[in-house]
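Have a look at the structure that comes next, please.
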Amino acid sequence: MKLDRFPRVRLGTWPTPLEEAPRLSDALGTTVLLKRDDVNGLGVGGNKLRKLEFLLGRALADGADTVLTFGALQTNHGRQTAAACAKLGLRCELVLTAKVPRDGEAYERSGNIILDHLFGANVHRCADEVETGATYDRLVAEAAAEGRKVATLPVGGSDEVGLLGYVAAAAEIREQLDGRHARILVPQGSGGTAAGLALGWAGRLDIACVGHSAAESGETLSTLVDAGARHLGIEPPALDHVRITDRTLGPGYGVPTDEVWEALRLFGRTEGVVLDPVYTGKTAAALLAEPRPEEGPVVFWHTGGLPGVFGYGPEALTAVS
Ligand SMILES: *Cc1c(COP(=O)(O)O)cnc(C)c1O
């Protein structure tokens, strides 16, 4: 799949490490490799950088000077977009909606929110979808009045352009594995990460849902895979190699369970690796629940999210102690 015909701007440090995790593997009774997209460089890192390389590459090619995107209050996507815009000298508008049933000092005033401001983004907090829509309309009208050109990025950067970052990532890990057999385990939120991997990786792909049921996530995945395949000019693959679980989703997006905190403790205490309570913690909980040693090594795709730990401050302290 030729990706060099799509505009791209370099934001991260590639390839990200693929690390052995011997103490974690011992604890789980199965061989785990860690794919460290949490340490890819810019703005504290995370999976959105791979998508933003293509999304902002296109925005620059289109002559945009303002980038607008959406998310929850503790969005990692928004924070990485803000960091990328700082680096590229673009104006960044973050329209954040209170969609997670949480409040409190830490959630509202720590974690990613601090970094959004640090990177110079204009942060607009909205109580609900109605306010979000009205804020979007106002920002677009203001930009038009000032003669600025806006690039609007979808939630999570998940569309047929953003997912190209994970088509490229699939090629990267194939090279790192160098013929070794493995399955990949990755979270699915907005879906672009899993969809890009589903397009680029033909081996077993396990997906852990962090926001929606397995049925809903499967629909989102196939819609994105189809759009990605059209964009790439290839036949959409049958998704026989994909297995989706929602057994560790718990009460919903952004709500960590005991199993999630247990996974954070295990990764922290065996490998000194920090998971987050929203995405990677739920995915690791799925690995703890079903390590599947009979299927050989598993690549745990660490998608980042570190600042989220601080967004869950007091609860996180109790839970990891
Ligand atoms: C956004 C995010 C995900 C989910 O990726 P999608 O492409 O939205 O499915 C996983 N982990 C972290 C840390 C994220 O910020």
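Counting residues that are more than 16 Å from the ligand (Cβ to nearest atom), which helices (runs of 4 or more DSSP H) fully inside region 225-321 reach at least 1?
258-271, 280-289, 313-320
On to the next question. If you go through region 171-184 one residue at a time, do you hit one that is of a type in the set (A, V, I, L, M, F, W, C), outside the structural domain of Glu93 (by TED's automatic domain parsing), touching a residue at least 12 places away in the same chain (Cβ under 8 Å) and closer than 14 Å to Arg243 by Cα? Please lay out each step first, then the result.
Step one: list which residues in region 171-184 are of a type in the set (A, V, I, L, M, F, W, C), which gives 171, 173, 177, 182, 184.
Those left that are additionally outside the structural domain of Glu93 (by TED's automatic domain parsing): 171, 173, 177, 182, 184.
Remaining after also requiring touching a residue at least 12 places away in the same chain (Cβ under 8 Å): 171, 173, 177, 182, 184.
So of that shortlist, the ones also closer than 14 Å to Arg243 by Cα come out as 184.
Checking region 171-184: at least one residue is of a type in the set (A, V, I, L, M, F, W, C), outside the structural domain of Glu93 (by TED's automatic domain parsing), touching a residue at least 12 places away in the same chain (Cβ under 8 Å) and closer than 14 Å to Arg243 by Cα.
Return the total of residues in region 258-303 being closer than 24 Å to Ala72 by Cβ and in contact with a His (Cβ under 8 Å, 6 or more places away or on another chain).
3
What pairs come out if I take residues in region 304-321 that are closer than 23 Å to His117 by Cβ and pair them with residues that are open to solvent by less than 60 Å² (accessible area, probe 1.4 Å) and among the aromatic types (Phe, Trp, Tyr) whose C-beta lies under 6 Å away, six or more apart or interchain?
So the pair list comes out as Gly305/Tyr279; Gly311/Tyr107.
On to the next question. Testing Asp4 on (1) in a loop (DSSP other than H, G, I, E, B); (2) touching a residue at least 60 places away in the same chain (Cβ under 8 Å); (3) acidic (Asp, Glu), one condition comes back false. Which one is that?
Of (1) in a loop (DSSP other than H, G, I, E, B); (2) touching a residue at least 60 places away in the same chain (Cβ under 8 Å); (3) acidic (Asp, Glu), only one is false for Asp4: (2).
Let me ask something additional. I want to confirm something. Restricting to region 141-167 and keeping residues that are within 13 Å of Arg91 (Cβ to Cβ) and part of a helix (DSSP H, G or I), which single residue is farthest from the ligand (Cβ to nearest atom)?
Selected residue: Glu142.
Which pairs have Cβ atoms under 6 Å, sit 6 or more apart or on different chains, and link a residue in region 185-212 that is farther than 19 Å from Arg36 by Cα and touching a residue at least 12 places away in the same chain (Cβ under 8 Å) to one that is surrounded by fewer than 24 Cβ atoms within 10 Å (Cβ to Cβ) and of a type in the set (Phe, Trp, Tyr)?
These pairs meet every condition: Gly211/Tyr253.
Taking only region 212-224 into account, find how many residues are touching a Ser or Thr at 6+ places or on another chain (Cβ under 8 Å) and part of a loop (DSSP other than H, G, I, E, B).
1
Okay, moving on. Residue check: is Arg79 open to solvent by 20 Å² or more (accessible area, probe 1.4 Å) and either among the basic types (Lys, Arg) or at positive phi (or both)?
Here the answer is no, as Arg79 does not meet what is asked.
Report the residue count in region 112-154 for those that are out of contact with any helix residue (DSSP H, G or I) (no Cβ under 7 Å at 6 or more places or on another chain) and either open to solvent by 20 Å² or more (accessible area, probe 1.4 Å) or among the basic types (Lys, Arg) (or both).
Of the residues in that region, 26 qualify.
Go through region 179-193 and give me each residue that's out of contact with any Gly (no Cβ under 7 Å at 6 or more places or on another chain), among the small types (Gly, Ala, Ser) and open to solvent by 10 Å² or more (accessible area, probe 1.4 Å).
Gly179
Can you go through Glu315, Glu271 and tell me which one is among the acidic types (Asp, Glu) and under 26 Å from Ser190 (Cα atoms)?
Glu315
Return the pairs, sorted by first residue and then second, in which the second residue is buried (at least 23 other Cβ atoms within 10 Å of the Cβ) and modelled with pLDDT under 95, the first residue lies in region 62-73 and is not assigned by TED's automatic domain parsing to the domain that holds Glu108, the beta carbons are less than 6 Å apart, and the residues are 6+ apart or on different chains.
none
Please go through region 91-111 and pick out each residue that is free of Cβ contacts under 8 Å to residues at least 60 places away in the same chain and open to solvent by less than 30 Å² (accessible area, probe 1.4 Å).
Cys92, Glu93, Leu94, Val95, Leu96, Thr97
Looking at this structure, is Gly218 more than 18 Å from His302 (Cα to Cα) and in contact with a strand residue (DSSP E or B) (Cβ under 8 Å, 6 or more places away or on another chain)?
Criteria met by Gly218.
Considering only residues of region 39-70 that are within 21 Å of Arg148 (Cα to Cα) and among the charged types (D, E, K, R), which is surrounded by the fewest Cβ atoms within 10 Å (Cβ to Cβ)?
Restricting to residues being within 21 Å of Arg148 (Cα to Cα) and among the charged types (D, E, K, R), the top hit is Asp62.
The values are calculated or read from the model by the stated rules, or taken from the named source; none is laboratory data. Computed from a prediction, not measured in an experiment: that's the story for all the values here. So basically every Cβ, Gly included, is an ideal-geometry build from the backbone, and we count neighbours across all protein chains shown. Just so you know, the surface numbers come from the protein's heavy atoms only, side chains and all, with ligands and any DNA or RNA stripped out. Shrake-Rupley method; radii C 1.70, N 1.55, O 1.52, S 1.80 Å.
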